Amino acid sequence: MKLVTGVIQPHRLDEVKSALEAAGVRGMTVSEASGYGRQKGHTEVYRGAEYTVDLVPKVRVEVLVSDEDVTAVSDAIIGAAQTGKIGDGKVWVVPVEDVARVRTGEHGDAAL
Amino acid sequence: MEEFVLDTGNTAWMLTASSLVLLMTPGLAFFYGGMVRGKSVLNMMMMSFSAIGVAGLVWAVYGYGLAFGTTAGGFIGNPADALLLSLDDAEWWGASITGVPALVFAGFQATFAIITVALISGAIADRVKFGTWIAFAALWVTLVYAPIAHWVWGGGLLGVGPIVDALSLPIDFAGGTVVHINAGAAGLALALVIGKRKGFGTEPMRPHNLPFVMLGAGLLWFGWFGFNAGSELAADSTAGRAWVNTLIATCVAMLAWLLTEKFRDGHATSLGAASGVVAGLVAITPAAGTVQLVGAIVIGLVAGVLCALAVGLKYKFGYDDSLDVVGVHLVGGLVGTILIGFFATNGVLGSFYFEGSLDGLFYGGGATQLVTQVVAALMSVVYSFVVTFLIALLLKVIAGWRVTEEDEVGGIDLAVHGESGYETITEVR
C-alpha cells in the first residue's frame, strides 16, 4: 500500500477530484496548506510598504492506494493539476505499513 | 440674559449631526481595527470605544467648561461655568443666532472631543497598556484638547485678542487645527515616547481585515457629514455648502490616492481607497463652509497625493506611527488649514461666524489670511506636540506604557482583555 500526496494549486482542486474519481478512487483527504517552492511567494503593497508573502495558499490531497494503482492515481493528480506555470505543486508517494477501516476493523488492502 | 427663542429646525439638525459624529468613533474602530493584525483587533477597537467613555464623561463633568467657559487670558475657559453641564438654553455664544439650546451645542462638541482622542490611538497600535491609555485619554482631553478648542472656538486667543487684531480671524470651520492637526501632532509625540513595535520595519504587519477598513471608512464618511455640515450649527445654505464640499473633496482625494499608488506601486488598492477617503475628509474639514467647489477639488487633490506620499515617512525616519495618524491627520489637516489661505471666500459666502477673517490669496484678499492660517496651524502643532510629549513621559514614569514583549508578540487581545477576536489566529502566511 502507498500514500499518494499531492500539494496543488487551490483552483485545480475540482479537476483533480474529477480525475481521481474517473481513475476509480473512492476516497480522499483534502486539507488547506501553505507553502512555496520555486514560486517563492508574492509581494503585496499596503500604503506603499511592500510585504513579501512567502507562504502562499495550497491544497493538499492525500489518497491511500494499493501498490498496483499508484501510477494511475499519481498520474491522474499530475494530469489534472498541471497548468505549466511555476507554483503547480508536487506529488509524492510513500509506503504505508498498514491501513485499518475503523468501522469494521478490516486491515490491509481490504480496508482501502 | 435675553430671552431664548428655540429654532426647532436648527435644533433638530444639530441633534442629528451630533449622532452622526458620534457614529464616527465606532466607525474609526473598524477602520483602525481592520488595519492591525488579527491578534490585536479587539484592543485597537477598544481604544476607540474607551475614548467614547472617558472623553464623554470628562466633557460632561468639566471639559465643556474648560473649552467654552469664560476665558482666562485667552488660554482656557472657566470650568465652573458649566460643571456637569448645568446650562441655561441661552448660555452660549450662538444661542440667539441659531436658536439651538446650549445643552445641544455641548453635546455636539462632546462628540468632537471623543473622536479626536480616538484618532490618536492609531499611532500606538498593538503595544500599550489599556489602563495607561485610559489615563492618557482623560489627561489629554483636559490639558490639550480643551485648551485648543477654547483658543479656536471658545473665545480664546485664536478667536479674539492680539493675534486676531494683528492678522485676521483664523478659519477652522470644523476642526482642522482643533481635531486633525492636534491629533496628528499628539500621535507623533506618543509614537516617539512609546517606541516601535517589535519587528517594525522588518516583519510584515499586514492589515488583517480590509473589508473592516472599508466599512470603517464608509461609516466615517457618513458621520463626517454631521461633523462638517453640523459645524455650521444651523440648517442653512452654508451647511449645504459644507455638505457638498465634504462629498466632492473626498471623491477627489480618493481618486488622487488611488492614482498615486497605481503609478508608484502598480495597483489601486482597497486600503488606498479607504485611506484617500479619510485624507480628503480630514483636509476639507477646516475649509468645508468657506471655500467654493473649485477650492474643495484642489484641497482634495492635494490631500490625496500628499497623504499617500506622507505615509511612507515613518519608515524613513523610523517612528512607528502604526496606522498613519501623522501621514493622514497631521498632513491632511495642514493641507486643508493652509489652503484656506488661498481659497477662502468668506465675504462671498457670508458664513456668519467668520466675520473678521479675510478672503484668500486667490480671491483678492492678499496674503494676510494665509499667514493667519499658518500661525494657527503652527500653534496647534507646537502646543499639542509639546504637551502630549510631557503627558506621555509622565505616564511612562508613573504607570509605564508598554505591555511585555511576550504579550505583544503573543497578542495583546488575549493578554490585556482576555479575549480573542477570532476563533483561531493563524499568522502563517
Original post:
What is the sum of charges around B:Val331, taking Lys and Arg as +1, Asp and Glu as -1, for the other residues whose C-beta is under 15 Å from the C-beta of B:Val331?
Top reply: +1
Original post:
Around A:Lys58, which amide H atoms from residues at least 5 apart in sequence, or from another chain, sit under 5 Å from its own amide H, with H modelled in the peptide plane?
Top reply: A:Ala33, A:Ser34, A:Gly35
**OP:** Please state, rounded to one decimal and in Å, the Kirkwood hydrodynamic radius that the protein assembly as shown gives when every pair of distinct Cα atoms enters the mean of 1/r.
**Re:** 25.6 Å
Original post:
Looking only at other chains, what is the average number of their beta-carbon atoms within 10 angstrom of each beta-carbon in B:202-213?
Top reply: 2
Subject >> Whole-Å distance, taken between Cα centres, linking segment A:1-39 and segment B:364-429 >> reply: 48 Å
Original post:
Among B:Phe173, B:Ala296, B:Ile97, whose Cα lies farthest out toward the positive end of the dipole of segment B:8-417, if unit charges sit on the beta carbon of Lys, Arg (+1) and Asp, Glu (-1)?
Top reply: B:Ala296
Original post:
Convex hull over the Cα atoms of segment B:8-417, averaged projected area in nm²?
Top reply: 17.9 nm²
**OP:** Let me know the longest stretch in chain B that avoids all GluC sites (Glu not before Pro) found in a DSSP loop with at most 16 other C-beta atoms within 10 Å.
**Re:** B:4-418
Original post:
Just the Cα atoms of segment A:2-111: what Rg and Dmax do they give in Å?
Top reply: 16.8, 59
Original post:
With charges only on Cβ, +1 for K and R and -1 for D and E, what is the dipole size of chain B about its Cα centre, in debye, rounded to 20?
Top reply: 1360 debye
Subject >> Averaged over A:49-60, number of beta-carbon atoms from partner chains that fall within 10 Å >> reply: 2
Original post:
Between the DSSP loop rule and a limit of at most 13 other Cβ atoms within 10 Å, which trypsin sites (Lys or Arg not before Pro) in segment A:14-64 are left?
Top reply: A:Arg26, A:Arg38, A:Lys40
Subject >> Interface size B-A, as summed buried accessible area [1.4 Å probe, Å², nearest 100] >> reply: 1300 Å²
Subject >> For residues of A:38-47, the mean tally of beta carbons on other chains within 10 Å >> reply: 5
**OP:** Counting only heavy atoms of the protein chains, get the accessible area per residue of segment A:2-111 (1.4 Å probe) and round it to a whole Å² value.
**Re:** 60 Å²
Original post:
Taking θ as phi - 60°, what are the ³J(HN,Hα) couplings along segment B:173-185 by the Karplus curve (6.51, -1.76, 1.60), each to the nearest whole Hz, with x for Gly and Pro?
Top reply: 4, 9, x, x, 7, 5, 9, 7, 4, 4, 5, x, 5
**OP:** Please report, in debye to the nearest 20, how large the charge dipole of the protein assembly as shown is about its Cα centre when each Lys and Arg carries +1 at its beta carbon and each Asp and Glu carries -1 there.
**Re:** 1120 debye
**OP:** May I ask you to list the GluC sites (Glu not before Pro) in segment A:1-109 that are in a DSSP loop and have at most 16 other Cβ atoms within 10 Å of their Cβ?
**Re:** A:Glu97, A:Glu106
**OP:** Please name which of B:Thr111, B:Val5, A:Val93 has its Cα lying farthest along the dipole of the protein assembly as shown towards the positive end, using unit charges on Cβ (Lys, Arg +1; Asp, Glu -1) and the Cα centre as origin.
**Re:** A:Val93
Original post:
Say the dipole of chain B comes from +1 at the beta carbon of Lys and Arg and -1 at that of Asp and Glu; which of B:Phe227, B:Thr238, B:Leu313 then lies farthest toward its positive end?
Top reply: B:Leu313
Original post:
If packing is taken as the mean number of other Cβ atoms within 10 Å per residue, what is the order of B:45-54, B:387-396, highest first?
Top reply: B:45-54, B:387-396
**OP:** Take the cross-link list A:Lys85/B:Lys196; A:Lys90/B:Lys262; B:Lys129/B:Lys314 and give me the ones stretching past 29 Å between alpha-carbons.
**Re:** A:Lys85/B:Lys196; A:Lys90/B:Lys262
Original post:
Using a 1.4 angstrom probe and counting only protein chains, how large is the accessible area of B:Trp93 in Å², to 10?
Top reply: 110 Å²
**OP:** Under 12 Å from the Cβ of B:Leu395, count the other residues' Cβ atoms, weight Lys and Arg +1, Asp and Glu -1, and hand me the total.
**Re:** +3
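The values are calculated or read from the model by the stated rules, or taken from the named source; none is laboratory data. Please read all numbers here as calculations on a predicted model, not as lab measurements. Neighbour counts are summed over all protein chains in view; Cβ atoms, including those assigned to glycine, are modelled from backbone coordinates with ideal geometry. For accessibility, only protein heavy atoms count, side chains too; no ligands or nucleic acids. Shrake-Rupley method; radii C 1.70, N 1.55, O 1.52, S 1.80 Å.
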